[in-house]
Amino acid sequence: MNTEDQLYIESKKEYFDSVAEKRGYWRKKNHYYHDELMRYLRFLIPENSSVLEIGCYAGEKLAALNPKKGVGVCFSKKMIDVAKEKHPHLDFHFCDIDHKLNIEEKFDYIIVSNTVGYAYDLQSTFHELKKVCHPGTKIILFYHSHFWKYLLKLAEVLRMRMVWPNQHWLTKEDLVNLFYLNDFSLIRSSEQMIIPFYIPLISAIFNRFIAHLPVIRGFALNNIMIFQPLGQRKDPKEVTCSVIIPCRNEKGNIEPAIQRTPMLGAHTEFIFVEGHSQDGTLEECQRVKEKYPQHDIKVFSQTGKGKGNAVREGFAAATGDVLMILDADLTTPPEDMPKFFEAIATGKGEFINGTRLVYQMEKNAMRFLNMLANKFFSVALTYLLGQYLKDTLCGTKVLWREDYFKIEQGRSYFGDFDPFGDFDLLFGAAKLNLKIIEIPVQYKARTYGETQISRFKHGWLLIKMTVFAMRKIKFI
């Protein structure tokens with residue numbers, strides 16, 4: 001680093017030192033903007049998480065998140081002094097992000113909020129983040145849109161916001177590339193806030209709804225990107241697996257499910273959750289368990305109703321690292337399950353969803369109206385969740401058990417009204433910012449039994465759930 005570059009870094013530190021005491025005034029003056037930013041951060045980050053904030057300034061965001069472990073770093077020593085005085089229960093460190101990050105712990109979430117523009121060498125800065133990440137860490141990056149560059153300067157001239165020094169103005173593509181060079185992948189991105197100051201009713205309408213519309217969202221002030229490190233959580237050879245098979249009136253498919261499903265990982269357990277069948281399915285599950293003692297098979301009678309409840313009861317009894325759902329109708333071939341296991345065990349994704357809409361289906365495998373409904377929900381949930389989904393209603397879904405526990409803990413946010421469990425898991429995974437990956441399957445026609453889905457009754461329920469989730473996820 002030459003002398004001129006060093007002077008730039010020192011001048012940046014001196015400037016933020018000089019405004020450390022004034023920041024409280026400007027934050028109060030622009031309280032609407034900061035309140036909206038905090039509201040969204042609280043949506044993204046559950047309470048009692050471990051959180052590191054890069055560029056914490058006076059620590060207001062970190063304190064408002066109520067973290068289990070909260071650490072803030074900043075390149076301004078005076079900002080850190082203010083933060084320590086205001087929030088003594090949190091840890092704050094003076095740290096030059098242009099050199100080495102002097103933190104050795106690992107965190108669930110890392111916030112980088114409007115800081116990237118002031119780093120001298122972003123590639124080196126992002127490289128430093130690797131040592132404070134575990135495989136499930138989420139990095140939440142906020143930065144201002146280049147569209148607002150001159151509007152923000154005008155706001156400074158008009159004394160509507162604090163004067164900020166010159167910074168780098170980066171595009172989404174620049175940031176994705178820089179993170180990728182350091183082995184981080186983008187999970188999703190979104191936009192926030194068209195009007196950063198309070199106008200009764202108008203601000204809420206524009207920022208909650210209009211800001212998320214196509215084209216319009218390109219004019220939003222804040223861009224939000226969520227990244228995670230590439231890599232495996234555990235050696236795939238050591239990962240254990242639980243295959244949950246909800247079954248109601250599926251007697252003819254029970255033994256084939258065991259015969260056709262390959263062993264997965266270090267150990268595979270099969271959990272049949274039988275739902276008050278009329279065709280002897282429960283007795284068949286018990287017979288198959290006794291016939292195949294070499295397999296780890298558990299059989300439960302469902303205490304509630306619906307597939308969603310059966311899946312939850314199966315998950316509660318599971319002991320594997322990875323949880324899989326295999327529909328007992330076997331329309332998704334059990335032989336495909338190793339593809340799902342490999343995808344999650346090798347770190348390709350954190351929530352693996354089957355898709356029946358890639359390959360040609362067998363005749364009569366899916367009725368025409370069901371096909372239309374699946375395509376509608378594909379478009380709706382891709383927009384809603386910010387990650388591409390081609391088939392939201394495929395029954396085969398795979399996730400880590402530790403992530404399911406987090407979905408379970410946060411279920412009250414959405415409520416408990418999904419009889420199938422597909423949207424419950426997808427909404428929960430999106431709320432946790434899990435990386436969703438789809439695996440194409442060869443969808444087959446039933447060979448035993450009848451579908452238990454009512455197209456119109458259950459379709460209407462799914463539409464209501466989608467509209468409800470839009471308010472809870474997108475238009476918050």
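The values are calculated or read from the model by the stated rules, or taken from the named source; none is laboratory data. Quick caveat: nothing in here was measured; it's all calculated off a predicted structure. With ideal geometry, Cβ positions are generated from the backbone for all residues, glycine too; neighbour counts draw on all protein chains shown.
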- Taking ASP329 and the conditions (1) within 16 Å of LEU399 (Cβ to Cβ); (2) buried (at least 17 other Cβ atoms within 10 Å of the Cβ), which numbered condition does it fall short on, given that it satisfies the others? (1)
- Message: Report every pair of residues separated by at least 6 positions or lying on different chains whose Cβ atoms are under 7 Å apart, first residue within region 119-134 and farther than 27 Å from LEU7 by Cα, second among the aromatic types (Phe, Trp, Tyr) and not in a helix (DSSP H, G or I).
- Response: VAL132/PHE107
- Among (1) touching a Phe, Trp or Tyr at 6+ places or on another chain (Cβ under 8 Å); (2) over 24 Å from ILE216 (Cα atoms); (3) at pLDDT below 90, which single condition is THR115 missing? (1)
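Based on what the data block shows, is LEU170 more than 30 Å from ASP336 (Cα to Cα) and part of a helix (DSSP H, G or I)?
Details: more than 30 Å from ASP336 (Cα to Cα): yes; part of a helix (DSSP H, G or I): no.
Answer is no for this residue.
Of everything in region 279-320 that's among the aliphatic types (A, V, I, L, M) and farther than 14 Å from ARG248 by Cα, which residue is farthest from the chain's Cα centre (by Cα)?
Initially, region 279-320 is screened for residues among the aliphatic types (A, V, I, L, M), giving 282, 288, 297, 299, 310-311, 316-318.
Cutting the leftovers down to farther than 14 Å from ARG248 by Cα gives us 288, 297, 316-318.
Working: VAL288: 38, ILE297: 32, ALA316: 22, ALA317: 25, ALA318: 23 Å.
Filtering region 279-320 for residues that are among the aliphatic types (A, V, I, L, M) and farther than 14 Å from ARG248 by Cα, the one farthest from the chain's Cα centre (by Cα) comes out as VAL288.
Residue-by-condition table, conditions (1) in contact with a Ser or Thr (Cβ under 9 Å, 6 or more places away or on another chain); (2) in contact (Cβ under 8 Å) with a residue 12 or more places away in the chain:
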{"position": "GLN259", "(1), (2)": "no, no"}
{"position": "THR268", "(1), (2)": "yes, yes"}
{"position": "SER277", "(1), (2)": "no, yes"}
{"position": "LEU282", "(1), (2)": "yes, yes"}
{"position": "GLU290", "(1), (2)": "no, no"}
{"position": "PHE300", "(1), (2)": "no, yes"}
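When you scan region 129-144, do you find a residue that is over 21 Å from ARG42 (Cβ atoms), of a type outside the set (A, V, I, L, M), over 22 Å from the mean Cα position of the chain (by Cα) and assigned by TED's automatic domain parsing to the domain that holds ASN30, even just one?
No, the conditions are met nowhere in region 129-144.
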- Message: List the residue pairs whose Cβ atoms are under 8 Å apart, where the first residue sits in region 48-73 and is of a type in the set (Phe, Trp, Tyr), the second is surrounded by 23 or more Cβ atoms within 10 Å (Cβ to Cβ) and in a helix (DSSP H, G or I), and the two are 6 or more positions apart or on different chains.
- Response: TYR57/MET79; TYR57/ALA83
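Quick grid of which residues meet (1) surrounded by 22 or more Cβ atoms within 10 Å (Cβ to Cβ); (2) under 30 Å from ASP183 (Cβ atoms):
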| residue | (1), (2) |
| --- | --- |
| ILE244 | yes, no |
| PRO262 | no, no |
| VAL273 | yes, no |
| PHE300 | no, no |
| GLY314 | yes, no |
| VAL322 | yes, yes |
| ILE325 | yes, no |
| GLY354 | yes, yes |
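Identify, please: which residue in region 132-163 is part of a loop (DSSP other than H, G, I, E, B) and not basic (Lys, Arg) and is, among those, surrounded by the fewest Cβ atoms within 10 Å (Cβ to Cβ)? Talk me through it step by step, then tell me what you get.
Just the residues of region 132-163 that are part of a loop (DSSP other than H, G, I, E, B), to begin with: 145, 158-163.
Remaining after also requiring not basic (Lys, Arg): 145, 158, 160, 162-163.
Numbers: SER145: 21, LEU158: 8, MET160: 14, MET162: 15, VAL163: 13.
Only one residue fits best here, namely LEU158.
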- Query: In region 378-402, which residues are of a type in the set (D, E, K, R), assigned to a helix (DSSP H, G or I) and either buried (at least 21 other Cβ atoms within 10 Å of the Cβ) or outside the structural domain of LYS307 (by TED's automatic domain parsing) (or both)?
  - Reply: none
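Looking at MET162, is it within 20 Å of MET38 (Cβ to Cβ), touching a strand residue (DSSP E or B) at 6+ places or on another chain (Cβ under 9 Å) and of a type in the set (A, V, I, L, M, F, W, C)?
When the stated conditions are applied, MET162 does not pass them.
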- Task: Scan region 365-375 for residues that are in a helix (DSSP H, G or I) and within 19 Å of ILE439 (Cα to Cα) and jot them down.
- Result: MET371, ASN374, LYS375
- Task: Would you check if VAL358 is touching a residue at least 40 places away in the same chain (Cβ under 8 Å), among the hydrophobic types (A, V, I, L, M, F, W, C), buried (at least 19 other Cβ atoms within 10 Å of the Cβ) and not in a helix (DSSP H, G or I)?
- Result: no
- From the residues in region 231-259 that are touching an Asp or Glu at 6+ places or on another chain (Cβ under 6 Å) and either assigned to a helix (DSSP H, G or I) or among the small types (Gly, Ala, Ser) (or both), which one is farthest from GLU283 (Cα to Cα)? SER242
- Message: Kindly evaluate GLY265 against the criterion of being part of a loop (DSSP other than H, G, I, E, B) and in contact with a Lys or Arg (Cβ under 8 Å, 6 or more places away or on another chain).
- Response: yes
- Note on the structure: For helices (runs of 4 or more DSSP H) lying entirely in region 1-119, having 1 or more residues that are exposed (fewer than 15 other Cβ atoms within 10 Å of the Cβ) picks out 3-18, 23-29, 31-44, 77-86
- Query: Does LYS339 meet the test of being surrounded by fewer than 21 Cβ atoms within 10 Å (Cβ to Cβ), touching a residue at least 40 places away in the same chain (Cβ under 8 Å) and either under 14 Å from the mean Cα position of the chain (by Cα) or assigned to a loop (DSSP other than H, G, I, E, B) (or both)?
  - Reply: no
- Message: Looking at the structure I just gave you, is PHE423 at pLDDT 75 or above, surrounded by fewer than 22 Cβ atoms within 10 Å (Cβ to Cβ) and assigned to a helix (DSSP H, G or I)?
- Response: no
- Query: In region 410-420, what residues are in a helix (DSSP H, G or I) and touching a residue at least 12 places away in the same chain (Cβ under 8 Å)?
  - Reply: ARG411, TYR413
